[in-house]
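Chemist: The structure that follows is given in the form of structure tokens.
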Amino acid sequence: MATPATSNALNAASRLVRSHSRILSCRLSCPPRPPAALLNTRLKHSDTTSPPHDRKPIKRLSPRSQNTTTSLRRVALEAQRSRDSLIRRSGKHRFVDPDIHTNQVTAYCAAEQYDIPTATRVLKQEGYCLDPWNTALYPQVIHFQTPDYSTTDASGQDSSAAPGDVFVFPSGTLVCWNVPEHVQLNLLHRLLLPAAESPHLDRIEIEDLEYIQDSSHHTSEIIGDTIILGTKPSSTESSTEAATPLPSSEVDTVLAKIAFSSGLARSTKLAVLEDLLSSYFSSTRSIPTILSRGSPLRFSRSFILRKTGELLSIRAQLNLYSELTDSLPDIFWDSPSSLGLSAYYDEVGRALDVGVRIKVLNERMDYAGEIASVLRERLSEKHSTGLEWLIIFLISIEVGFELWRIWRERQERLDPASTEALLRRLLLRDMHQHDSVTCPR
């Protein structure tokens, strides 16, 4: 009699024998697979023998489209290679190659305002051609070009510099692109001085940047402290360049320079106000220390009024009488949006931290306003104290006169000589009256 373990082993062995027999029968009945080469030959033969309507046409590029794609790719690569030759790295760490020759753009602020008609008359008398590219931005800005100047490089060789661009803004600022320094100083100290209102040549604010002209791009940008000025004409401009009397690419470049110059002028004007506020704090620095000691403020009325007027003037120049706090100056309202001039203006503001500086300047003026309010309270207190003392003095004088009158009357009543004199005068008067009655004429 078989045990359960023996029966289980016999069943497993029988199942294994049946599975092997099925595998062997399948291998004997199935034909062998053809090799891969024979399979490919059959597929090709089936494609050639299939009817024409079952075939799918193969799309091929024409030689012209291939050449067009290649040329566009070549142009893109050349443009990228040209821009890559100017700029190193990418993203926020980009910087301009320091070995590339750059030109200088300098902004000056030497007056509170420039009288544009007077400046126009003076510049025309000097022979400058105003608005040579017909930008039609007068009187928001005066644009003229300086002639070619011969310069001497470090090696001692003479070279001619390209014409420079000069922009005069009504805010009292002057921006020069690729202009020699002696020409800039001549414009600042001699030519534009008659048109300057409230000039401050002793504290001129200067802002310097470098710029490069990039002929591979028609857009401009700022990288670090360098302006990449795109001078490449767009496709529409290049197709219509022969029909227009003025090269539109030059006009676009001048408009881009005006946008960047407006941002630089804004920064220099803001620097003047920052310097004025620093001078204000220097003259009032001792006031918090005096108040903390509990000592009285011994400032004259003229000093307090002068400091209050200085603070009001700075605040008015920042928020009322200029375009420093405007998001977009009036000069860009009529410009085409495709040029992106407002973007250039904002880019200069971000590069020079104009928005942050305006915010900090307003906060500092709030603190200066608190100092001015303390001075005004001191002035009001001093004035009211003076009036009170004046009233007290007048009342004291009146009381003194009244006391003197009372004392004099009292003395006359108590003095016997004065009483006898009074009686004598009365008796003499009565005697004269009696004689006149008894002895009539």
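The values are calculated or read from the model by the stated rules, or taken from the named source; none is laboratory data. None of the values given here were measured: they were computed from a predicted structure. Note: ideal-geometry Cβ built from the backbone for every residue, glycine included; neighbour counts use all protein chains shown.
Chemist: Would you say ASP99 is out of contact with any strand residue (DSSP E or B) (no Cβ under 8 Å at 6 or more places or on another chain) and at pLDDT 75 or above? Before the answer, list the steps.
Modeler: Working: out of contact with any strand residue (DSSP E or B) (no Cβ under 8 Å at 6 or more places or on another chain): yes; at pLDDT 75 or above: yes.
The answer is yes for ASP99.
Chemist: Just to confirm my filter: which helices (runs of 4 or more DSSP H) fall fully inside the stretch 194-299 and include at least 3 residues that are at pLDDT 90 or above, among the hydroxyl-bearing types (Ser, Thr, Tyr) and buried (at least 16 other Cβ atoms within 10 Å of the Cβ)? Before you say what the answer is, go through the steps one by one.
Modeler: Numbers: elements: 235-239, 248-283, 286-293.
Counting at least 3 such residues, we get 248-283.
Chemist: What is the residue count in the stretch 146-193 for residues that are on the phi > 0 side of the Ramachandran plot, among the small types (Gly, Ala, Ser) and at pLDDT 90 or above?
Modeler: Step one: filter the stretch 146-193 for residues on the phi > 0 side of the Ramachandran plot, giving 156, 172, 178.
Those left that are additionally among the small types (Gly, Ala, Ser): 156, 172.
Filter once more, keeping what is at pLDDT 90 or above: 172.
Total satisfying the criteria: 1.
Chemist: List the residue pairs whose Cβ atoms are under 6 Å apart, where the first residue sits in the stretch 260-274 and is within 13 Å of ILE222 (Cβ to Cβ), the second is surrounded by fewer than 24 Cβ atoms within 10 Å (Cβ to Cβ) and among the small types (Gly, Ala, Ser), and the two are 6 or more positions apart or on different chains.
Modeler: Short answer, once both residue conditions are applied: GLY263/GLY349.
Chemist: Further question on the same structure: Pairs needed: first member in the stretch 332-356, closer than 13 Å to SER261 by Cα and in a helix (DSSP H, G or I); second member anywhere, at pLDDT below 80 and of a type in the set (Phe, Trp, Tyr); C-beta distance under 9 Å; at least 6 residues apart or different chains.
Modeler: Within 9 Å, the pairs are LEU341/PHE332; SER342/PHE332; TYR345/PHE332.
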